[in-house]
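Structure first, commentary second.
The values are calculated or read from the model by the stated rules, or taken from the named source; none is laboratory data. Keep in mind that this is a model prediction, so the values were computed, not measured. Using ideal geometry, Cβ is built from the backbone for each residue, glycine included, and neighbour counts are taken over all protein chains shown. Accessible surface is based on the protein model in full, side chains and every heavy atom, while ligands, DNA and RNA are left aside. Shrake-Rupley method; radii C 1.70, N 1.55, O 1.52, S 1.80 Å.
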Amino acid sequence: ATNDFIRQGAISVSANFLQAVTPLLGDGGNVAFSNYLDTKANEPVFIIGSENAFAVTPNIRTSRPLPFAYNDFEPVISLCSAVFVMTANARLNIVDLESLRAYGKGKTLIVAVGGTSSIEYFMLKQLFEELGLKLEIVAYNGANLAVNALMKGEVDLAVSHQSQAKHGVETGIITPVVLFDEKGSDEGVYAGVRGVGEYGYTAYCKNRSFLMARKGTNAAVIQKVYEGYKKILAQEDIQQLYKNMMIEIEPLDAIEIRKHLTEVQTMVKSHL
């Protein structure tokens, strides 16, 4: 695949798929999905999708519907997962959900996210509802800008991928509050940070990127690609790269991808 084609969100089957995965984390790619409908079944061209395109955006659009739907594609394999983290401006001394609840009592907290059509937007709404706190969400054009706004003191909190907040945490400008996962972390700058699930709350979800083929692609082709990518993901250098990027290898199959999208859709619909 050419670099221009990769940036649009599509890749051909090759061991260089990480070139496409990196810039696509969290990207809806709506234009790319629409263009991809010109692809015929069984062509050796695949596209990378996420829950934003298939479980978030379709449920929040209020005008004309999207020109594509999940059923236009065949899910192949989940390539990677990223765990979101909530960080706070260090001057607030918010280091966990207990201190967040104490600080936020009687206040309206300003929280930055990377767009209103992102899963983190809805996780925040659910978590603050469970905590009994009020919030105002400010949407930026990307989670990196949301973290930057937090570091400048423009907002109280921000939600981003762990890698995007890492520098701010290392320098002590911002502090990690909670990971949006079932469990916390015991590694690196996030060691000791608990997961939302450990507090007994349900407002968590991973950002997953998965490979998709055109609807009607032969099941044998899907299986061959699935097994091929599993072998790529098992390579030691690929595993180390994922670790450095602070993303996880989770080779989910079509059934597991569908389950993930259903769970996200439920969360979104309950907080519109």
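Among the protein heavy atoms, those of K183 account for about 140 Å² of accessible surface (1.4 Å probe, every chain in place).
Using only side-chain charges placed at the Cβ, +1 for Lys and Arg and -1 for Asp and Glu, the dipole size of the chain relative to its Cα centre rounds to 560 debye.
What order do Y242, Y140 take when sorted by accessible area (1.4 Å probe), most exposed first?
Largest accessible area first, the list is Y140, Y242.
Taking only protein heavy atoms and a 1.4 Å probe, the accessible area of the chain is 48% carbon and sulfur. Set the Förster radius R0 to 41 Å, insert the Cβ-Cβ distance between S34 and R101 as r into 1/(1 + (r/R0)^6), and round the FRET efficiency to 0.05. The pair S34/R101 has a calculated efficiency of 0.45. Per-residue accessible area (protein heavy atoms, 1.4 Å probe) orders I255, I247, I173 as I255, I173, I247, starting from the largest. A P(r) calculated from all alpha carbon pairs of the stretch 102-188, with 5 Å bins opening at zero, reads 3, 14, 25, 27, 20, 10, 1 percent.
Modelled this way, with points 7 Å down the Cα-to-C-beta line, the labels at V138 and N59 are 2.7 nm from one another.
Could you do me a favour and compute the accessible area per residue for the chain, 1.4 Å probe, result in Å²?
For the chain, the per-residue accessible area is 47 Å².
The structure shown yields volume of the Cα convex hull per residue in Å³, and of the options (i) 187; (ii) 140; (iii) 125 that calculated value carries the label (iii). Think of each Lys and Arg Cβ as +1 and each Asp and Glu Cβ as -1; about the Cα centre, that makes the dipole of the stretch 146-267 roughly 560 debye. Expressed to the nearest 5 percent, the antiparallel share of DSSP beta bridges inside the chain is 75 percent.
The residue list I232, P251, Q265 was ranked by how far each Cα lies along the charge dipole of the stretch 222-272 toward its positive end, using unit charges on Cβ atoms, and Q265 comes out on top. Ranked from largest to smallest solvent-accessible area, with a 1.4 Å probe on the protein heavy atoms, R91, R258, R194, R208 come out as R91, R258, R194, R208.
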